[in-house]
Amino acid sequence: MAHLPLLDPGEVSELDLTDAAVHAEYDLSALWRRLRTHAPLHRHRSVAGGPEFWVVTRHADAMAVFRDGQRFTSTSGNVLETLLVGSDSAAGKMLAVTDGNRHTEVRRVITGALTPAVLDRLADRIRTQIRGLVARAVERVDGDFGTDVAAQVPLTTICDMLAVPDSDRAYIHRLGSSSVSSHEPGHDTMDAWTSKNELLAYFLDLAEQRRADPGDDLVSVLATARVKGRPLGTDEIVFNCYSLILGGDETTRLAMTGAVLAMAENPDQWRAFQRGEVAIDSAVEEVLRWTTPSRHLGRLAIEPAEIAGGRIEAGDIVTVWLASANFDEREFAEPDAFRLDRSPNRHLTFAYGPHFCVGARLARIQLEATLTALRDLVGDIEVTGAPQRVYSNFIGGTFTLPVRLKAA
Ligand code: HEM
């Protein structure tokens, strides 16, 4: 973050927040501050003939939008990409873009499967895997934390949850990366589309197998669940399996890699953490706030609403910028400082309200395991090259981090 050129807020009316390059190539902190201060409900211009949309940047207003499932729906999409075209093909089938009773019922099936016993079992594997990867990274002279460590973990965890057979995992990793990653400007959306469809077809087969021969994994839970006496639709099962990869892979990777970069850029915090002066839980929360992997979320207003003193009409698109809300000076003291002992820390990294991230606990376990392994095994962290940033308007951060980790 510190090394990117500051985007001069200049004429805010010229801004294009849909442009992935704006998020990848600039430090937007001054822009966000200006919007929070002078235009907390900003009307974004039309881009390429698309609809105008609202930009919400303050923490309190973000919470107001997230908690209000009555006035703001997710069923037309929950990010700009889908909202601007007016629909999401998974609406009503995938949790993140389903509302109302159906959302509550299917969400209960998924959260019900993530029992403390299941999470404990996953946590044991995560800790062992991360410790092994960090130990190997320490031995490497020139490694890359993003690819050597972070890229290996979340998808393995999701495959464990879904009990994807070992023989299929390399295939899922390949499809997972190409269907959600945006590692280059103008990355090939056709490739992403093909990979997404291959993944959906894969989960269709897996769901049918598990329906016939269920185990205790999440695919089996979805394939055999009954809501009001009826099984879930096949498309609901398939889209929700896919949504775990969509929601849980790249976001967690970005937080893990961002954690190491933040430690390297803030050596006083790293030393305090190493000396055990900071509780691991509060360090995890500050990493989540600091990295904010989901940059924005969106909703469609279905009733008029008042936000930040302005009026939103039914039919308007509302975008909520977590990248700004998590640095709102009205909520956080010294928001631009990375402070591992920050308390309170009511960041919105996992959103808030009915769609609050179902994988939050799992993401926290993965970050806790990462920070613990770093503290136990690593002495100095030296960044040896320029990290690469994701090109996207809805996820953000660094996906590579050339780094030398010296043994503790
Ligand atoms: C640091 C990592 C993560 C971040 C930053 C993150 C962020 C988010 C956010 C902001 C939402 C709310 C979406 C909305 O309101 O429209 C969400 C929802 C969701 N996340 Fe995560 N997530 C992370 C990890 C995970 C993991 C590990 C999983 C699963 C294994 C997961 C699965 C989901 C699902 C299924 C939803 C939809 C929940 C619903 O609509 O009820 N996420 N996530």
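The values are calculated or read from the model by the stated rules, or taken from the named source; none is laboratory data. For clarity, every value in this text was computed on a predicted model and none was experimentally measured. No Cβ is skipped: glycine too gets one built from the backbone with ideal geometry, and neighbour counts run over all protein chains shown.
Things worth noting here:
- Matching residues, the stretch 351-365, being in contact with a Lys or Arg (Cβ under 9 Å, 6 or more places away or on another chain) and closer than 12 Å to residue 285 by Cα: 365
- Output for the stretch 163-173, where each listed residue is part of a helix (DSSP H, G or I) and crowded, with 20+ Cβ neighbours inside 10 Å: 172
Yes or no, residue by residue, for (1) at pLDDT 95 or above; (2) hydrophobic (A, V, I, L, M, F, W, C); (3) surrounded by fewer than 16 Cβ atoms within 10 Å (Cβ to Cβ):
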position: 53; (1), (2), (3): yes, yes, no
position: 62; (1), (2), (3): yes, yes, no
position: 66; (1), (2), (3): yes, yes, no
position: 76; (1), (2), (3): yes, no, no
position: 80; (1), (2), (3): yes, yes, no
position: 108; (1), (2), (3): yes, no, yes
position: 113; (1), (2), (3): no, yes, no
position: 128; (1), (2), (3): yes, no, yes
position: 133; (1), (2), (3): yes, yes, no
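- Close Cβ contacts (under 8 Å, 6 or more residues apart or on different chains) running from residues in the stretch 101-124 that are closer than 16 Å to residue 236 by Cα and of a type in the set (A, V, I, L, M) to residues that are within 11 Å of the ligand (Cβ to nearest atom) and outside any helix (DSSP H, G or I) comprise 106/98; 110/358.
- Residue ID - nearest to residue 399 (Cα to Cα), chosen from residues in the stretch 141-152 that are out of contact with any strand residue (DSSP E or B) (no Cβ under 8 Å at 6 or more places or on another chain) and surrounded by fewer than 22 Cβ atoms within 10 Å (Cβ to Cβ): 147
- Test: residue in the stretch 308-327 that is more than 23 Å from residue 18 (Cα to Cα) and either crowded, with 18+ Cβ neighbours inside 10 Å or touching a Cys at 6+ places or on another chain (Cβ under 6 Å) (or both): no
- Check on residue 374, of a type in the set (A, V, I, L, M, F, W, C), in contact with a helix residue (DSSP H, G or I) (Cβ under 6 Å, 6 or more places away or on another chain) and over 15 Å from residue 61 (Cα atoms): no
- Strands (runs of 3 or more DSSP E) fully within the stretch 216-322 counting 3 or more residues that are out of contact with any helix residue (DSSP H, G or I) (no Cβ under 7 Å at 6 or more places or on another chain) and among the β-branched types (Val, Ile, Thr): none
- Single residue of the stretch 233-254 satisfying the filter (near the ligand (Cβ under 9 Å from one of its atoms) and polar (S, T, N, Q)) that is surrounded by the fewest Cβ atoms within 10 Å (Cβ to Cβ): 243
- The condition (being more than 16 Å from the ligand (Cβ to nearest atom) and surrounded by fewer than 20 Cβ atoms within 10 Å (Cβ to Cβ)) is satisfied by just one residue among 386, 373: 386.
- Taking each residue of the stretch 147-172 that is within 16 Å of the ligand (Cβ to nearest atom) and looking for partners that are not in a helix (DSSP H, G or I) with beta-carbon atoms closer than 6 Å, six or more apart or interchain, yields 162/217; 163/215; 163/217; 172/164.
- Answer residue from the stretch 174-228, given it is modelled with pLDDT of 95 or more and aromatic (Phe, Trp, Tyr) and is surrounded by the fewest Cβ atoms within 10 Å (Cβ to Cβ) among those: 202
- Filter result for residue 35 (aliphatic (A, V, I, L, M), under 20 Å from the mean Cα position of the chain (by Cα) and at pLDDT 95 or above): no
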